[in-house]
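Here's the structure we're looking at; comments come further down.
The values are calculated or read from the model by the stated rules, or taken from the named source; none is laboratory data. The shown structure was predicted, so the numbers you read here are calculated from the model rather than taken from an experiment. All Cβ positions, glycine included, derive from the backbone under ideal geometry; neighbour counts span all protein chains shown. Heads up: the accessible areas ignore ligands, DNA and RNA and are worked out on the full protein's heavy atoms, side chains in. Shrake-Rupley method; radii C 1.70, N 1.55, O 1.52, S 1.80 Å.
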Amino acid sequence: MSKKVDELIKEDQEYLMQSFRRWYPFVIDHGFGAIVYDIEGNEYIDFNAGIGVVALGHKNEKIINAVKEQMDKFFHYSLTDFYYEVAIEVAKRLSSLMPFSAKVFYANSGTESVEAAIKIARGHTGRQWIIGFINSFHGRTLGSLAFTSSKAIQRKSFSPLLPSTYLIPYPDRRDPLCKEECTEELLGFIEDWVFKKVVDPNEVAAFIAEPIQGEGGVIVPPKDFFYKLNNLLKKFGILLILDEVQTGIGRTGKMFAFEHFNVTPDLVCLAKALGGGLPLGAVVGRKEIMDLPPGSHANTFGGNPLALAAANVILEEVPKLLDHVSSIGKKIIEELTDTRSPYLYDVRGLGLLIGAELRKNDKPFVEGLEKVLYNSFRRGVLAIGAGESVVRIEPPLIISEELAMKGTKILKEEIEKL
């Protein structure tokens, strides 16, 4: 680590609250496409895209031009009090992508989108209870935190959390109790235990879930789970909220991950890639549900015109990339699956949201994850972790096959060196 990097990290520690972790000492200076450079000019393959945010890559010209054009008009004018065209344009695009007649609420981030969805579900149904899943990540503000449970540290010291909430197991094929009957076992647990012992289903406003658990370790559920769960919920008028903050906007090879699972949710939470790097979140829901009365929910910066200008480009360009995303993702999974290592437990994912899980003596291999990420960084690949010991791969959607395979082979070699 150079003196310049060392000094910058020390200043970061002095002036910023250290409530987040860094995987290795990378200090970004600039980027282009799926390549980023540090402050000393070293080049890296970007395998995390700012945690799935820069879908069209760094310094995308179409996004830059759209934002500049909007900047020449106005930076901000509160959507909660007035009107502007770009907010309607993006809402129309989002609505056209949904399998239902939709309305949109804009927020600034993923956790704000989740908070809004919670309020919409409670407000519409008049019910209080909301049920989530263990090992999920929905954000760190106090409402969303009630459903975040991928790591205990995320919740430690912040109780009491939102009341009238309950967490149940996620359909995780790694669970020896789950096996092939995972869907039926979990649905039976909900009907025979949760609805009979914990809360009457007529008091439940919604279930909230990630269609694929990202932070929790890239956990892909059985293909029939959400379809059958939603059929059960409909019997009691319970809404299904799907948190697509990380999985949405093309990340899995479809515009939304729920398309892989033959399910139509009631509310969809979006953020990350939606703003192309600018802070933007949204809840997209069925029109009849999006009925909170005036004054009941709003924010100052939600639907910022600069972020919406970027979103317009994202929603125009990402649908063109879906076949590419699926193809590159399958090749990455095939390459990693061929890794010769006793510590590689599983490779899983959809599109360009991929996890390679490391285990040692049938336990999470945390030290192995740290070594793989650090040594890959030293060799020019920026990946991050998920779960307890999962290498998480989610590059910009525009990454070339050549660059994707080059980065994958480095990760593969570092896993084999363990």
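Under 8 Å for C-alpha pairs, at least 6 residues apart: give me the relative contact order for the range 194-293, rounded to a whole percent.
23 percent
For the range 1-158, what are the per-bin percents of Cα-Cα distances with bins 5 Å wide, up to the bin holding the maximum?
Calculated over all Cα pairs of the range 1-158, the distribution is 1, 6, 10, 12, 15, 16, 16, 13, 7, 3, 1, 0 percent.
PRE reach from E184 (point 7 Å along Cα→Cβ): which of the range 218-233 fall under 11 Å by backbone N?
none
Mean-square fluctuation check for the chain, GNM, Cα pairs under 10 Å: which of A117, A146, A298 is largest?
Fluctuation is largest for A298.
For a label point 7 angstrom out from the Cα of R379 toward its Cβ, which stretches of the range 349-365 have the backbone nitrogen within less than 17 Å?
The answer is 356-358, whose backbone nitrogens lie closer than 17 Å to the label point.
Find how many whole Å separate the alpha carbon centroid of the range 300-319 from the alpha carbon centroid of the range 23-45.
The range 23-45 and the range 300-319 have Cα centres separated by 25 Å.
What's the extension gain from N42 to M71 if we count 0.36 nm per residue and subtract their Cα-Cα distance?
Using 0.36 nm per residue and subtracting the Cα-Cα distance, I get 7.2 nm.
Taking the Cα-to-Cβ direction at S96 and at S327 and moving 7 Å from each Cα, how far apart do the two end points lie in nm?
Each label point is offset 7 Å from its Cα along the Cβ direction, giving 2.5 nm.
Using Cα positions and a limit of under 17 Å, work out the lysines in reach of K151, with same-chain residues fewer than 8 apart set aside.
K363
Suppose we look only past 21 Å in the calculated P(r) of the range 96-254. What percent of the Cα-Cα pairs does that tail hold?
Summing the P(r) tail past 21 Å for the range 96-254 gives 45 percent.
Just to check I understand the Karplus step: with θ = phi - 60° and J = 6.51 cos²θ - 1.76 cosθ + 1.60, what whole-Hz values come out for the range 372-379, glycine and proline as x?
Values per residue, Gly and Pro as x: 4, 5, 5, 5, 5, 4, 4, 9 Hz.
Counting only C-alpha contacts under 8 Å and six or more residues apart, can you give the relative contact order of the chain as a whole percent?
The value is 23 percent.
Is the range 172-303 rounded, prolate or oblate when judged by the Cα gyration tensor, a ≥ b ≥ c being the square roots of its eigenvalues, rounded requiring a/c under 1.5 and prolate requiring a/b larger than b/c?
Here the range 172-303 falls in the oblate category.
At 0.36 nm per residue, and after removing the present C-alpha to C-alpha distance, how many nm does the segment from V198 to K417 gain when stretched out fully?
The span from V198 to K417 would gain 74.0 nm if fully extended.
How large is ³J(HN,Hα), in whole Hz, for each residue of the range 332-338 in order, when computed from phi with the Karplus curve 6.51 cos²θ - 1.76 cosθ + 1.60 and θ = phi - 60°, using x for Gly and Pro?
My calculation for the range 332-338 gives 5, 5, 4, 5, 5, 4, 7 Hz in order.
Whenever you get a sec, compute what percent of the accessible area on the range 46-181 sits on carbon and sulfur atoms (1.4 Å probe).
57 percent
Could you work out Rg/(2.2 N^0.38 Å) for the chain, with Rg from alpha carbons only?
Ratio of Cα Rg to 2.2 N^0.38 Å: 0.97.
For the range 263-320, what log10 I(q)/I(0) values come out of the Debye formula at q = 0.31 1/Å, with one point per alpha carbon and no solvent?
After summing over all Cα pairs, the log10 values are -1.18.
With just the Cα atoms defining each centre, how far is the range 381-405 from the range 71-149? Give it in Å.
So the two Cα centres are separated by 27 Å.
Quick check: from the Cα gyration tensor, does the range 109-192 come out rounded (a/c under 1.5), prolate or oblate?
Oblate, since a/c reaches 1.5 and b/c is not below a/b.
By how many nm would the segment from L292 to M1 grow when fully extended, if each residue of separation counts as 0.36 nm and the alpha-carbon distance is taken off?
Result: 99.5 nm gained on full extension.
Of all DSSP beta bridges in the range 63-319, what percent run antiparallel (nearest 5)?
Of the beta bridges lying entirely in the range 63-319, close to 40 percent run antiparallel.
Would you work out if the range 280-379 is rounded, prolate or oblate? Take a ≥ b ≥ c from the square roots of the eigenvalues of the alpha-carbon gyration tensor; rounded if a/c is under 1.5, else prolate when a/b is larger than b/c, oblate otherwise.
Since a/c reaches 1.5 and a/b is larger than b/c, the shape of the range 280-379 is classed as prolate.
With springs only between Cα atoms under 10 Å, which of L321, L232, L274 fluctuates most in a Gaussian network model of the chain?
It is L232.
Using amide H atoms built 1.01 Å from N in the peptide plane, name the residues 5+ places from V381, or on other chains, whose amide H lies under 5 Å from its own.
I45
Read phi for every residue in the range 119-135 and hand back ³J(HN,Hα) as whole Hz from Karplus 6.51 cos²θ - 1.76 cosθ + 1.60, θ = phi - 60°, with x for Gly and Pro.
5, 4, 5, 5, x, 6, 8, x, 10, 10, 6, 9, 10, x, 10, 4, 6
Would you tally the net charge around R251, using a Cβ to Cβ cut-off of less than 13 Å, leaving R251 out, and scoring K and R as +1, D and E as -1?
Local net charge: -2.
With springs only between Cα atoms under 10 Å, which of F32, F377, F137 fluctuates most in a Gaussian network model of the chain?
Comparing F32, F377, F137 in the GNM, the peak value goes to F32.
In Å, the Kirkwood hydrodynamic radius of the range 331-403 over pairs of distinct alpha carbons?
Mean inverse Cα-Cα distance, inverted, gives 12.7 Å.
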